[in-house]
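Peer 1: Once you've had a glance at the structure underneath, I'll fire off some questions.
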Amino acid sequence: MGGWPKRSTGPIDYIVNHWRGDLSLAKSYWLNTFLLSLPFTIMLSSLESLAQAVRTMEQTTLFFWVFASLTVFAVPLTVWQLIGTWRSATKRTLNTGKSGWSSVAKVVMVIGWLQLSAGIVQIADDWPAYEEIASYTLGLNPIGDYTVTVIDGGSGVAVQGAIARGVVDEVRSALARVEEPFYVALDSEGGRIGVGDSLNRLIQERGLATLVEGKCYSACALAFLGGQSRIVGDGAMIGFHKARSGLDDSPTFRAMELSADELQRTIMREAGVREWFIDEALDTPSERMWRPSVEVLAEGDVITHTWTDGELRLAP
């Protein structure tokens, strides 16, 4: 056979020549396979640690797009590398009659196929976790519906239902429609911790009070803590517990749950909640709900005021 290796006239020709095995084995192996793989190998190996570091809504979105981009690009890239280098090794033997280095390269390519297969299996094992992140990032909300309305003649904005992606933007939009908003009324059984954190920060930025006259659990409680004044009405219930994903068999999601609990702890500390209260809240298993009394909420510095019979009072 003649004309091997071939010269490339441009980037596309270079890519095609590698795929066909028409580049030198040294170039195919060291440049296209070894060196080009290094950054992707480092990034892919960091996915699990990145997942553990995910806390806020913005970080979750960033993680999803990094993971999606790497997966979509890295798999076909690896196939291109392995097949092209294997073909180059074969053509080297045919053109030079030397099989030593070609055989070594093929052994390494077999190992590469095994590593690619292991990586795909790992992604498949963690797929429920990544699917959940994708659902969250793309705005799909299986956790429930919600409504955001302007109330009290424009003095307040009411959030009812799930603390789901989209709530923060709708609250921001509602606040923009009124001249002097004073408070956000919350009535929710919970939702996404990252969304609760974002709503908390929006409430803080606008210097608003928060009011609960019904129930406010889990992620809702985190949003409640953003209030400059934190008010509960008669019969109101604030609930706390550990983070929950519903994917107990996923190591990645268990790591993310621990990270989410650290976010909850940070939010409560920044709100001035007492440490003993935080410990009790985060010691409550995810399948349960801790609903402390008004007195305990006041003692833990969770609430600042009560709303009783139309009268605003300092918390007991």
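Peer 1: Hey, got the dipole for the chain? About the Cα centre, +1 on K and R Cβ, -1 on D and E Cβ, debye to the nearest 20?
Peer 2: That gives the chain a dipole magnitude of about 2640 debye.
Peer 1: Which is the longest stretch in the chain that no exposed loop site breaks, taking sites as GluC sites (Glu not before Pro) with a DSSP loop state and at most 13 other Cβ atoms within 10 Å?
Peer 2: 1-178
Peer 1: Any idea which of 109, 214, 122 is furthest toward the positive side of the dipole for the chain, if Lys and Arg beta-carbons carry +1 and Asp and Glu beta-carbons -1?
Peer 2: Of the listed residues, the answer is 109.
Peer 1: If you don't mind, another one. So what's the angle, to the nearest 10 degrees on a 0 to 90 scale, between helix 127-137 and the longest Cα principal axis of the chain?
Peer 2: Roughly 60 degrees, rounded to the nearest 10.
Peer 1: Okay, next question. Quick one: accessible area per residue over the chain, 1.4 Å probe, rounded to a whole number of Å²?
Peer 2: With all protein chains present, the chain gives 51 Å² per residue.
Peer 1: Let me ask something else. Once volume of the Cα convex hull per residue in Å³ is worked out from the coordinates, which option in (1) 144; (2) 196; (3) 128 does it equal?
Peer 2: The calculated read-out lines up with (1).
Peer 1: Measure off, as a whole percent, the carbon and sulfur share of the 1.4 Å-probe accessible area of the chain, all protein chains present.
Peer 2: On the chain, the fraction of accessible area on carbon and sulfur atoms equals 57 percent.
Peer 1: Taking only DSSP H segments of four or more residues, each worth -39500 (n - 2.57), what value at 222 nm results for the chain once the sum is divided by all its residues, to the nearest 500 deg cm²/dmol?
Peer 2: Calculated from helices alone, the mean residue ellipticity at 222 nm is -17000 deg cm²/dmol.
Peer 1: Using modelled backbone amide H atoms (1.01 Å from N, in-plane), which distant-in-sequence or interchain residues come within less than 5 Å of residue 229's amide H?
Peer 2: Sorted by chain and number, the residues that satisfy this are 209, 210.
Peer 1: Could you work out which residue, out of 274, 192, 165, moves most in a Gaussian network model of the chain, that is, has the largest mean-square fluctuation with Cα springs under 10 Å?
Peer 2: 274
The values are calculated or read from the model by the stated rules, or taken from the named source; none is laboratory data. Owing to the predicted nature of the structure, the values given are computational and were not obtained by experimental measurement. Quick reminder, even Gly has a Cβ in these numbers, built from the backbone with ideal geometry, and neighbours come from all protein chains shown. Calculation scope for accessible area: heavy atoms of the full protein, side chains included, ligands and nucleic acids excluded. Shrake-Rupley method; radii C 1.70, N 1.55, O 1.52, S 1.80 Å.
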